[in-house]
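Visitor: Got a structure for you, questions after.
The numbers here are math on the coordinates, done by the rules we state, and not lab data. Model, not experiment: these values are computed from the prediction. Glycine gets a Cβ as well: all are built from the backbone with ideal geometry, and neighbour counts include every protein chain shown.
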């Protein structure tokens, strides 16, 4: 065949500092966490390297495989992962992205972890699932002081030690959760899995779980019905005497995305477990874990948005059409700027949530109330915005974005998961209403926070005033929950950007999200927005390694 010259194709975006993101770096500086900047940049240079990007590609392409029996017919119930998955897990654990912040003596441990996770998570989303569950397991397990004393040092370790062995004999362990059943889904109180108390203080758990991700984790928090009601249990894959606990993997789920992470159905049959918290208090106990994984959902969605903007801006800077680069064409600049505004708003609120988590964990009741409601509304809204953001970012690459080699289809498949995991959109919105009803001071804390920007932006002031009127009629608020909770999330993002963000980003956000001049798709920012300044912040700097 005749040889041809390839022109007007975009160079691969590799070997750059993936932490060179102003919204991430500014959040650390704002919280007094400059001590972490060098470490975050080191992670960014690794995450942006061709080698690490290759690990993510391999883990995505070579999906986990279920091995139910060995060659002699013995039941083993193991999942075999590609070597790249273990490489990713090793780095994530060594970076302290698991349970480490709970015992980390340095300042801002949860914020620093969130920023690092947001940078490292650009490589692969799937292995973030067990990392997130390990992070969330620590506060939940503290409801059983004896178990916590034994296992917390392993959950907070920076050593990744895979393989099914007695967890107490390992240098570090990974945790998972096992809640969902096929008849109930998010309604975990409809669970039928049974837990029978034994004379030795353990329980025997019998039942089927419809969705249990990362089934090769060492320990799990499991919901089951005890005599006193729905309760939380600690279930290891391998018992302290070295024998395998009953934990039958029925099948792996064939999922839309998140391919590097195995999700399974599990059958419990007289499986040994230990009670965590009191009988009948299973939901409040495991919510300690869920709250932290919901934070990671918000971080994950913001991370995906930044990846989408980065890829779209890089493509537009190097691709020409109709006599000019895409980057220099006004309509494309509008689209890129709008995507960048959304990503910055999502990142700002996600890292702010991590910052107030540090304050709440330190015993600040105001921060705890603010985190309670803000986490619910942000989990709802940020995660809900991610799929449409991914679709628009993919479209910026045209046909090239629709092929797997661009990695944009992978981003598109990942985007809906964060809105589903740990409670779908309706569950998250209703959780926000539940917080207002049971803890009215959370709503007061919310308005106190957003009003810190009062007088700084006319669109924000108007939106706050309008939002306050939504709480005069609680009889219909459940019907209006999505509208109300979504507007709360927008107002929170707007307030944070006005107070702490880049002026061009803040102005673009308030006029387009809170003002009257907005469109129904990305790329409809009104004339006068400083798109150049916004896009400059989102454009990757190649050669910054």
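Visitor: Return, ordered by residue number, the residues of segment 67-83 whose backbone nitrogen is under 13 Å from a label point located 7 Å along Cα→Cβ of residue 244.
Guide: Counting backbone N atoms under 13 Å from the label point, the list is 67-80.
Visitor: Ranked highest first by the average count of other Cβ atoms within 10 Å around their residues, in what order do 85-92, 123-130, 57-64, 157-164 fall?
Guide: Ranking, from highest mean packing down: 123-130, 85-92, 57-64, 157-164.
Visitor: Can you tell me which of 493-504, 200-211, 444-455 comes out highest on packing, and rank the rest after it, using the mean Cβ neighbours within 10 Å?
Guide: 493-504, 200-211, 444-455
Visitor: For segment 263-283 and segment 468-482, write down the distance between their C-alpha centroids in whole Å.
Guide: Going from one Cα centre to the other spans 37 Å.
Visitor: Hey, what's the Cα Rg ratio for segment 284-538 versus the globular rule of thumb, 2.2 N^0.38 Å?
Guide: Its radius of gyration relative to the 2.2 N^0.38 Å reference: 1.01.
Visitor: Oh, and also: For the chain, find the longest principal axis of its Cα atoms and tell me its angle to the long axis of helix 50-61, 0 to 90°, nearest 10.
Guide: Orientation of helix 50-61: about 60 degrees from the principal axis.
Visitor: For the pair residue 29 and residue 532, what calculated FRET efficiency results from E = 1/(1 + (r/R0)^6), where r is the Cβ-Cβ distance and R0 = 25 Å, to the nearest 0.05?
Guide: Computed FRET efficiency for residue 532 and residue 29: 0.60.
Visitor: Scaled to the compact-protein estimate 2.2 N^0.38 Å, what is the alpha-carbon radius of gyration of segment 22-280, rounded to two decimal places?
Guide: Details: Rg = 18.8 Å, N = 259, 2.2 N^0.38 = 18.2 Å.
The value comes to 1.03.
Visitor: Right, next: Please state, as a whole number in µm²/s, the translational diffusion coefficient that the Stokes-Einstein equation yields for the chain at 37 °C and 0.692 mPa s, with Rh defined as the Kirkwood radius across alpha carbon pairs. Could the numbers behind the result be given before it?
Guide: Numbers: Rh = 24.0 Å.
It diffuses with D of about 137 µm²/s by this estimate.
Visitor: Could you work out how far helix 458-468 tilts from the main Cα principal axis of the chain, as a 0 to 90 degree angle to the nearest 10?
Guide: Long axis of 458-468 versus the principal axis of the chain: about 40 degrees.
Visitor: While we're looking at this one, here's another question. Kindly state, to the nearest 0.05, the FRET efficiency for residue 37 paired with residue 452, given R0 = 35 Å and r defined as their beta-carbon distance.
Guide: 0.85
Visitor: Follow-up. So, in nm, how far is label residue 516 from label residue 94 when the simple model puts each one 7 Å beyond its Cα toward the Cβ?
Guide: Modelled inter-label distance: 5.8 nm.
Visitor: Given the C-alpha centroids of segment 318-384 and segment 41-84, what is the distance between them in whole angstrom?
Guide: 30
Visitor: How large is the Kirkwood hydrodynamic radius of segment 308-392, counting all unique pairs of alpha carbons, in Å?
Guide: 14.9
Visitor: Okay, moving on. Just grab the label-to-label distance for residue 147 and residue 66, each label 7 Å out from Cα along the Cβ direction, in nm (one decimal).
Guide: A separation of 2.5 nm, rounded to one decimal place.
Visitor: Quick check: convex hull of the Cα atoms in segment 156-293, volume per residue, rounded to a whole Å³?
Guide: Working: hull volume 16.3 nm³, N = 138.
Hull volume normalised by residue count: 118 Å³.
Visitor: I would also like to ask the following. Rounded, prolate or oblate: which fits segment 87-141, taking a ≥ b ≥ c as square roots of the Cα gyration tensor eigenvalues, rounded meaning a/c under 1.5, else prolate when a/b beats b/c?
Guide: Taking the square roots of the gyration eigenvalues as a ≥ b ≥ c, segment 87-141 is oblate.
Visitor: Beyond 13 Å, what share of the Cα-Cα pairs of segment 66-108 is found? Please give it as a whole percent.
Guide: 68
Visitor: Based on the mean of other beta carbon atoms within 10 Å per residue, what is the order of 246-255, 331-340, most packed first?
Guide: 331-340, 246-255
Visitor: What are the semi-axes of the equivalent ellipsoid for segment 1-69, taken as the square roots of 5 times the Cα gyration tensor eigenvalues, largest first, in whole Å?
Guide: 33, 25, 9
Visitor: Taking the Cα atoms only, what angle lies between the long axis of helix 282-318 and the longest principal axis of the chain, rounded to 10 degrees?
Guide: 30
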